[in-house]
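Written out below as structure tokens is the structure these notes cover.
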Amino acid sequence: MNKNKIFITSDKSSLDAFSEIIQKTSNAICQTFVNDKAYTGPEPFELKKVCKADFFPKTGLGFDGALEKVKEIVLPNFVRTSSTDYMAHLHSATLLETIAAELIISTFNQSMDSWDQSPVATEIEVETVKQLCKMYGFGQNSDGVFTSGGSQSNTTGIFLARDWFCKSKFNYDVKKYGLPENYRKYRLYTSEISHFSMEKSAHMLGLGYDAVVKVPVDNKMKMDINALKSLIQKDKDEGNIPFCVVATVGTTDYGSIDPIDEIASICSTEGIWFHCDAAYGSGAIMSKKYSPRIAGLEKADSITVDFHKMFMMPISCSCVLIKDASNFEPLELHADYLNREEDEEDGYTNLVGKSMQTTRRFDALKVWLSFMVRGQDGWAELIDTCIENAKFLYDSLGNRSEFARTNEPELSSVVFRLYDSKLSDEQNDEVNKKVRRALIHQKGVVIGQTVFNGRVHLKFTLLNPLTTHSKLDELLDLIQSLK
């Protein structure tokens, strides 16, 4: 192997090799898009057989030979998230400029833990976080950090909530002494349909699943405020210790938004931390028309924002924003080889002191670039289209007797079910399961499936602004034809 061609350097042969590899890869990707279907690969057991390739041969195949294997095995069998036939999850198509950002990120391979590993990347992330804090209504003393996704952002918020509560209420330093003796009494409140990262976070933080109190939701799938008040009071009466409430700003299935203002008021009265899991709903801030639906986020102590959901950016790209930057202190730890205190005094910003990760990608570039490319008006159009598509679909379902709807969407998710009154609930469940599988493997259409009130339902998660109203009606016709 020519050693001048294994990395990108100033050597002309390496630059030429880089350009050639990128061009060949780009051509191979483009050649894969031969139709508009979301999935054209085989069913699971057959796909397992296809993937049983010898990927570590004694003698390397070279890039061209390996790329042929990728073209044969991998590229044809991807789910194509950019297809308007893909609407299964909070897993979006990716804006073209953010794919370009990914190329830059991977090529330069900056690590966001210390300034000397990522000089301009550090400063861009700092500025991006400042603008995001401002966008969501936080003041001058706020801060934030990019994370691997909503789960890590939520864990960070709950982690900081636990340590802040122990310090501010009991003058107890968890960082130094570990969990307090009364840790089994700590309680976190969240909707019964909140993200499973609530339980995972409680487990990882040493509090356990029992610390998570699931609050019932109303008929609009929003946290029931009276139930929240009652559960907090009940725990206090029993000697338990409420320390945090998590509002879900866009539930995974329904896109429902918990009552932010009322929860903020309760947290203020009780003296507990208020975290908003806005991994999904945070994208609505880009719409002048629909941003009032997430009003009140500025009252939170911490906010989870995901850019690989409604913002249509490549995985992974998320951040957690904190109203008071001093609350990042539990994550600070100085190491002589990494984030020396004297460097920071001289203006070298080392972001590792705000993150649960050490090595971390320059994901902020995707946000920085796409905001610059599209501007406020361009972003508003993208988000408005997705939300209005959901409203159209909900109304269209209401005009078809073969379907039953759940709650009216606030964001871009619509949950519904094929329903035949002549069949039992169990038989209708099986029909809906069968239709979803038929859509994938017979029609190349990938939609979601969930459970509502104990019954199987289908789900459209509409994160693709290329989707038209006529396309949605065609898909409903197709679903009816498969029952």
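By a 1.4 Å probe calculation restricted to protein chains, R405 has an accessible surface near 100 Å², given to the nearest 10.
From the phi of every residue in segment 255-263, what ³J(HN,Hα) in whole Hz does the Karplus formula 6.51 cos²θ - 1.76 cosθ + 1.60 yield, where θ is phi - 60° and glycine or proline is x? Values, residue by residue: x, 6, 10, 5, x, 4, 4, 5, 5 Hz. Could you please state how large a percent of the accessible area of the chain is carbon and sulfur, counting protein chains only and using a 1.4 Å probe? The computed percentage sits at 52. Bridging of K433 to aspartates and glutamates at a Cα separation below 18 Å is possible for E43, D85, D253, E402, D420, D425, D477, once same-chain residues fewer than 8 apart are set aside.
Working value for the chain: equivalent-ellipsoid semi-axes of 37, 35, 20 Å, each the square root of 5 times a Cα gyration tensor eigenvalue, largest first. Take 247-259, 292-304 and order them by the average number of nearby Cβ atoms within 10 Å per residue, most first; the result is 247-259, 292-304.
So which of K422/K483; K134/K167; K220/K366; K37/K471; K175/K366 end up more than 23 Å apart by C-alpha? Check vs 23 Å cut-off fails for K134/K167; K220/K366; K175/K366. Each residue of segment 246-254 was assigned a 3J(HN,Hα) from its phi angle through the Karplus expression (A = 6.51, B = -1.76, C = 1.60, θ = phi - 60°), giving 10, 8, 9, 9, x, 5, 4, 7, 9 Hz with x at Gly and Pro. Phi angles of segment 407-413 translate, via the Karplus equation with coefficients 6.51, -1.76, 1.60 and θ = phi - 60°, into HN-Hα couplings of 6, 5, x, 9, 10, 10, 10 Hz per residue; Gly and Pro are given as x. When both bridge partners sit in the chain, DSSP labels roughly 55% of those beta bridges antiparallel. Cross-link partners of K52 among lysines, defined as those whose alpha carbon lies under 21 angstrom from its own and excluding same-chain residues fewer than eight positions apart: K69, K71. The distance linking segment 367-390 with segment 52-115 is 25 Å (Cα centroid to Cα centroid, whole angstrom). Eigen-decomposition of the gyration tensor built on the alpha-carbon atoms of segment 135-181 gives equivalent ellipsoid semi-axes of 24, 15, 8 angstrom, largest listed first.
Excluding ligands, DNA and RNA, the accessible surface per residue across segment 272-379 is 41 Å² with a 1.4 Å probe.
Extent along the principal axes, Cα only, for segment 95-246: 56, 43, 29 Å, with the longest axis given first.
Based on C-alpha pairs under 8 angstrom that are at least 6 apart in sequence, the chain has a relative contact order of 20 percent.
The DSSP beta bridges internal to segment 137-291 are antiparallel in roughly 10% of cases.
Take segment 169-312, drop everything but the C-alpha atoms, weight them equally and run the Debye formula without solvent; then report log10 I(q)/I(0) at 0.10, 0.14, 0.18, 0.20 Å⁻¹ to two decimals. The calculated log intensity ratios at q = 0.10, 0.14, 0.18, 0.20 Å⁻¹ are -0.34, -0.66, -1.05, -1.25.
The values are calculated or read from the model by the stated rules, or taken from the named source; none is laboratory data. Keep in mind the model is a prediction, meaning the values are calculated, not measured. Reconstructed Cβ throughout: ideal geometry from the backbone, glycine too, with neighbour counts over all protein chains shown. In case anyone asks, the SASA skips ligands and DNA or RNA and just uses the protein heavy atoms, side chains included. Shrake-Rupley method; radii C 1.70, N 1.55, O 1.52, S 1.80 Å.
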